[in-house]
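**Q** What follows is a structure written as structure tokens; I'll ask about it next.
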Amino acid sequence: MKFILSRFKPAMLCAVFLCVLFACSKQASEVHLTGPTMGTVYNVKYAPSAAVTAKELKLQLDAELVAINQLMSTYIPDSELSRFNKWQSSEPFLLSSETLFVMKEAKRLGEMSDGVLDVTVGPLVNVWGFGPQNKPEKIPTPELIADIKSKIGLDKFSLQSSSATKLQPYLYVDLSTIAKGYGVDRLADILISYDIHNFLVEVGGEMRVSGKKLSGKPWAIAIEKPESYSRSIQKIISVGNNAVATSGDYRNYYEEDGVRYSHLINPETGYPIKHNLVSVTVIHPSSMTADGLATALNVMGKEKAIELSEKHDLAVLLISKEKEGFNEYTSPKFEKIVTIHE
């Protein structure tokens, strides 16, 4: 799906059912605003407010998302990030505070995950056929993979107070792993600025909720069962005032000569992941952070994901595909803050 403004290449597929979130009830309830953005759609639900009309609020939400696209999309040729990617110089490149904020969080999460979350991995994603050119004409050779790996990495750029500096002139940064989450946080900030504290914000499956519905019930979020051949619910949860992000490789892949190639590329190996961790859900106050962590944990596999989540006290739900079916792991933090609906 393409949107005329731009799109961020989805790093993960939507793992929630919006018919659960935006209750398919005929009863009038919250205000519901929606529109296209980042190759997907956004949805905002909130308790009516006298501070701003729905029309005025939608104009502000749309303008904010357009601005984020113009800063961080790799699909807009003259976006700020696109211009940085074309910058083949070791001189500092001036960046907006917004783009620097997201790049700094991307680098922090990358270092936290020992380089597994790597926003410079785009050339590998592209050569494996999950970039703008889609499926490659042939599977890349080990020599090509090794050559690309030598030119990527979080150590290939540095960040200053108002600029970024490339240490490798052809470095390509793609913020799609956390940009949708950042967009969710910015929309939430706009709602809060009008003293709206009962809301749900969602962009392409990345979500943040606050307060309760008008009915007094908590926002209920359905986590999708990680199956490529059907759409069903694995679990319904409430998360308090937090964000929810889910990463999975069970829909975005292709097969060649009987081999399955996932869209999730491990920057350590240069190859698509092959382990049995099929879905990761992260709960965190920041949608941007949850977005990046969900991808990182999914790439690293179950054992390392458990280790990282327990080391940093992360609220996570991991689903692995075993011979006997799907197995779940929930971290202590997840069990503490999440309510599961039977």
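**Q** With Cβ to Cβ distances under 13 Å as the rule, what net charge do the other residues near T34 carry (K, R +1; D, E -1)?
**A** Charge balance in the 13 Å sphere: -1.
**Q** Here's something else I'd like to know. Report the local net charge at K311: Lys and Arg +1, Asp and Glu -1, summed over other residues whose C-beta lies under 13 Å from its C-beta.
**A** My count for the surroundings of K311 gives -3.
**Q** Separate question: The range 64-140: which GluC sites (Glu not before Pro) are DSSP loop and have at most 11 other beta-carbon atoms within 10 angstrom?
**A** Of the GluC sites (Glu not before Pro), the ones in loops of the range 64-140 whose Cβ has at most 11 other Cβ atoms within 10 Å are E137.
**Q** For S279, which sequence-distant residues (separation of 5 or more, or a different chain) have an amide H within less than 5 Å of its own amide H, given hydrogens modelled in the peptide plane?
**A** Here I319 satisfy the definition.
**Q** Additional query: Can you return the lysines within cross-link range of K212? Criterion is Cα-Cα under 27 Å, with same-chain partners fewer than 8 residues away left out.
**A** Candidates past the 8-residue exclusion: K26, K45, K55, K58, K180, K225, K235, K333, K336.
**Q** Tell me the volume per residue, in Å³, of the convex hull enclosing the alpha carbons of the range 71-176.
**A** 99
**Q** Hey, fewest Cβ within 10 Å first, where do S176, S79 land in order?
**A** The order, fewest Cβ neighbours first, is S79, S176.
**Q** Let me see the pair-distance distribution of the range 85-129: every alpha carbon pair, 5 Å bin width, integer percents in order.
**A** So the P(r) values, bin by bin, are 5, 17, 18, 25, 23, 10, 1.
**Q** Any idea how many Lys pairs in the range 71-176 come in under 23 angstrom at the alpha carbon, given 8 or more places apart or on separate chains?
**A** For the range 71-176, qualifying lysine pairs total 21.
Read-outs throughout are calculated quantities, based only on the coordinates presented, and are distinct from any laboratory measurement. Because the structure is a prediction, the values reported are computed rather than measured. All Cβ positions, glycine included, derive from the backbone under ideal geometry; neighbour counts span all protein chains shown.
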